[in-house]
Amino acid sequence: MPDVHTPARPHAPAEGAAPGHGPSAAALLGFALRTAADTALIASLPLDPEGRTWIQLDGPGGSEAWLIGWPPGTGTGWHDHGGSRGAFATASGELTEQSLAVQLPTEGWKTLELADGVDRRRRLGDGRGRAFGPHHVHQVLNLSADTHAVSVHAYYPPLPLMRRYSRTGPVLRLEEVERPEEWQ
């Protein structure tokens, strides 16, 4: 994937931040929604028909933020955010989020069998977003056959790692742990 960075951008103190605790998930969602509405910024993202592209942004209150372009048919695979809370919003196109409505332990397991009824699916079009807590496991997909999607993502604390999972039916398996130096 091409790695394109923007110059540092000034930002205001995070709304909803607790002293010493960084921005809340709701404040991260507010940032993602406002940033997704910045048409000049969205237009500055180079789009590649073969793979995702991204620009790292300055998030509010010391958070990590990304502007991501999704070619048709691409996705993240199942993953978590290493204990960080976060939010994302779609700026253009439509993304589908598949998530688990259960808090999973973040450590100490390699394989879990999921109970019936834990799967959730959301479609997020232009200007829609969602926030999530530190134990969120999901995958994000652009299911369109012909339209790029663009989204804004924010995390606090900045991602210490991401755990990648495979899923076969109800079985979720930890496959790898990625560190920030692998995606920055």
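The values are calculated or read from the model by the stated rules, or taken from the named source; none is laboratory data. Note that this is a predicted model, so its numbers are computed, not measured. All Cβ positions, even for glycine, are placed from backbone atoms using ideal geometry, and neighbour counts span all protein chains on display. The protein model used for the area step is the full one, side chains on, heavy atoms only, and it has no ligands, DNA or RNA in it. Shrake-Rupley method; radii C 1.70, N 1.55, O 1.52, S 1.80 Å.
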| request: Show the residues, 5+ positions off or on another chain, whose built amide H is closer than 5 Å to the amide H of Thr74. | output: Asn142
| note | Residues meeting the amide H criterion for Leu47 (H placed from the backbone, H to H distance under 5 Å, 5 or more places apart or on another chain) are none
| task | Report in % the part of the accessible area of the chain that belongs to carbon and sulfur, leaving out ligands and nucleic acids; probe 1.4 Å. | result | 52 percent
| request: Scan around Tyr165 for amide H atoms under 5 Å from its own, H built in the peptide plane at 1.01 Å from N, and keep only partners 5 or more places away or cross-chain. | output: Trp78, His79, Glu175
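Report the local net charge at Thr111: Lys and Arg +1, Asp and Glu -1, summed over other residues whose C-beta lies under 12 Å from its C-beta.
On the way: positive: Lys110, Arg167, Arg173; negative: Glu113, Glu175.
Local net charge: +1.
If you build the convex hull over the alpha carbons only and average its shadow over all orientations, what do you get for segment 60-104? Give it in nm² to one decimal. Provide the component values of the computation, followed by the final result.
Details: hull surface 17.2 nm².
Orientation-averaged projected area of the Cα hull: 4.3 nm².
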| request: Answer rounded, prolate or oblate for segment 96-143, using the Cα gyration tensor with square roots of eigenvalues a ≥ b ≥ c: rounded when a/c is under 1.5, else prolate when a/b is larger than b/c, else oblate. | output: prolate
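Tell me what the chain gives for mean residue ellipticity at 222 nm when only DSSP H runs of n ≥ 4 count, each as -39,500 (n - 2.57), the sum divided by the residue total, rounded to 500 deg cm²/dmol. Don't skip to the end; give the middle numbers.
Working: 2 runs with 18 residues, N = 184.
Taken over the chain, the calculation gives -3000 deg cm²/dmol.
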| Using the Karplus equation 6.51 cos²θ - 1.76 cosθ + 1.60 (θ = phi - 60°), what ³J(HN,Hα) coupling, rounded to whole Hz, does each residue of segment 93-99 give in order, writing x for Gly and Pro? | x, 9, 10, 10, 10, 10, 9
| said: Let me make sure I get this right: for segment 109-184, a, b and c are the square roots of the gyration tensor eigenvalues over alpha carbons, sorted descending. Under 1.5 in a/c it's rounded, otherwise prolate if a/b > b/c, else oblate. Which is it? | reply: oblate
| field | Relative contact order of segment 98-184, pairs being alpha-carbon contacts under 8 Å that are 6 or more residues apart, as % | value | 34 percent
| query | On the first, second and third principal axes, largest extent first, how far apart are the outermost C-alpha atoms of segment 39-119 in Å? | reply | 43, 33, 20
| query | Can you give the convex hull volume per residue for the Cα atoms of the chain, as a whole number of Å³? | reply | 120 Å³
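Full-extension gain between Val171 and Leu47, please, as 0.36 nm times their residue separation minus the C-alpha to C-alpha distance. Could you put the intermediate results ahead of the total?
Working: separation 124, 0.36 × 124 = 44.64 nm, distance 3.44 nm.
Contour length minus Cα-Cα distance gives 41.2 nm.
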| note | Net charge near Arg123 (other residues with Cβ under 10 Å of its Cβ; Lys, Arg +1; Asp, Glu -1) is +1
| query | Relative to a virtual label point 7 Å from the Cα of Ala115 in the Cα→beta-carbon direction, which members of segment 70-102 show backbone nitrogen distances below 20 Å? | reply | 99-102
